[in-house]
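Have a look at the structure below before the remarks.
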Amino acid sequence: MSPIISVSDLSKTYASGFQALKSVNLDIRQGEIFALLGPNGAGKTTLISIICGLVTPSTGTVKADGHDIATDYRTARAKIGLVPQELTTDAFETVRATVAFSRGLFGQPKDPALIEQVLKDLSLWDKRDTQIRRLSGGMKRRVMIAKALAHEPRILFLDEPTAGVDVELRQDMWQLVRRLRDSGVTIILTTHYIEEAEEMADRVGVISKGEIILVEEKTELMRKLGRKQLTLILQQPLQALPPSLAAYDLELAADGEELVYTYDTKAERTGITALLQALGEAGIRFNDLQTSQSSLEDIFVSLVKDRR
């Protein structure tokens, strides 16, 4: 199946000389939730803005559902809904009117029933005749999503969609995202809440300094790069590791009061049994032990750090 978004050799250099993107290649599959992660200034918003036709690339091509965003702009752009970070709405317009107007901007015929359903899905129906200026920040965020969905796009970009949103509203939004994905809409999101990407995404892309440094199935990424650590709380602090333990991946922590062993959970053997035996032979005793699994955030921080 052809990707619903195809980005080829995409670069962007601004008039100041700053190169925001460097030869980006990226394919996004139909019906997936794709999380784009990266630190501030990595190029996430520039990449989204180019795909959505808001910024002109210096080189490269972008196709949305097979349509070139440069040479077939209207058709390509009609396939895309965008929820930007900034809350930009007509403060004195009502919720229903502004959402209906967004549908008309894409040349779609009036469809009051569809607008009603979108507003109900986002818990906005009871606010339909309220001026936007009278809404809370979280409700305004919902209006932005409703506007992006009004023309029935096949692709939805969510740029930091839950920034500044309370926990309850955030959960409501992710339930909506799942329903949209289940209905066939492709979701591309950027987020600083990495635990949300870990929970929601099918695939993860990491961008750093304008380059895509990794694209991977989330579960495979966790399998490949996830680590598990065994922490031993020692009875007596160690100044240094004895030579007999040199073969193990050990690290002294907490001023020598803890011994940390890192291992691959998917390996045929973890080596824990042999390690504990070696510790006993070396006369090292411990009071307690605990294990921890690396999260997607740990992996992300590690990847970005390695590129600096």
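Take the Cα of D68, step 7 Å toward its Cβ, do the same at D27, and the gap between the two points is 2.0 nm. For the residues L245, L105, L221, a GNM of the chain with alpha-carbon springs under 10 Å puts the largest fluctuation on L245.
Of all DSSP beta bridges in the chain, what percent run antiparallel (nearest 5)?
Values: 37 of 54 bridges.
Counting DSSP beta bridges with both partners in the chain, the antiparallel share is about 70 percent.
Simple spin-label estimate for S16 and D249 gives 4.0 nm between the two label positions (7 Å along the Cα-to-Cβ direction from each Cα). Considering only D255, D111, D72, the Gaussian network model of the chain with Cα springs below 10 Å gives its largest mean-square fluctuation to D255.
Electrostatic tally near T231: other residues with Cβ closer than 11 Å to its Cβ, Lys and Arg +1, Asp and Glu -1, net -3.
Count charges around R203 for me, please; just the other residues with Cβ under 11 Å from its Cβ, Lys/Arg as +1, Asp/Glu as -1. Once all neighbours under 11 Å are counted, the net charge is -4.
Using a cut-off of 24 Å between Cα atoms, the listed pairs K12/K218; K44/K218; K44/K110; K63/K120; K22/K147 include K12/K218; K44/K110; K63/K120; K22/K147 as exceeding that distance. In the range 5-223, taking the dipole from charged Cβ atoms about the Cα centre, the farthest positive-side position among A15, T75, G107 is held by G107.
Ranking I233, I272, T59 by Cα position along the charge dipole of the chain, where only Lys, Arg, Asp and Glu carry charges on their C-beta atoms, puts T59 farthest toward the positive end. If you run the Gaussian network model on the chain, springs between alpha carbon atoms under 10 Å, then out of P39, P84, P237 the most flexible one is P237.
About its Cα centre, how strong a charge dipole does the chain have in debye, to the nearest 20, once Lys and Arg get +1 and Asp and Glu get -1 at the Cβ?
Numbers: 38 positive and 42 negative charges, 243 e Å.
I would put it at about 1160 debye.
Candidate cross-link partners of K228 among the aspartates and glutamates, defined by an alpha-carbon separation under 18 Å and a same-chain spacing of 8 or more, comprise E195, E198, E220, D249, E251, E258, D264, E268, D288, E297, D298.
What you get for the range 118-188, charging only the Cβ of Lys and Arg (+1) and of Asp and Glu (-1), is a dipole of about 180 debye around the Cα centre.
Any read-out appearing in this document is the output of simple, stated calculations on the displayed coordinates, not a laboratory observation. Predicted, not measured: the structure shown is a model, and the values here were computed from it. FYI the Cβ positions are ideal-geometry reconstructions off the backbone, even for glycines, and counts take in every protein chain you see.
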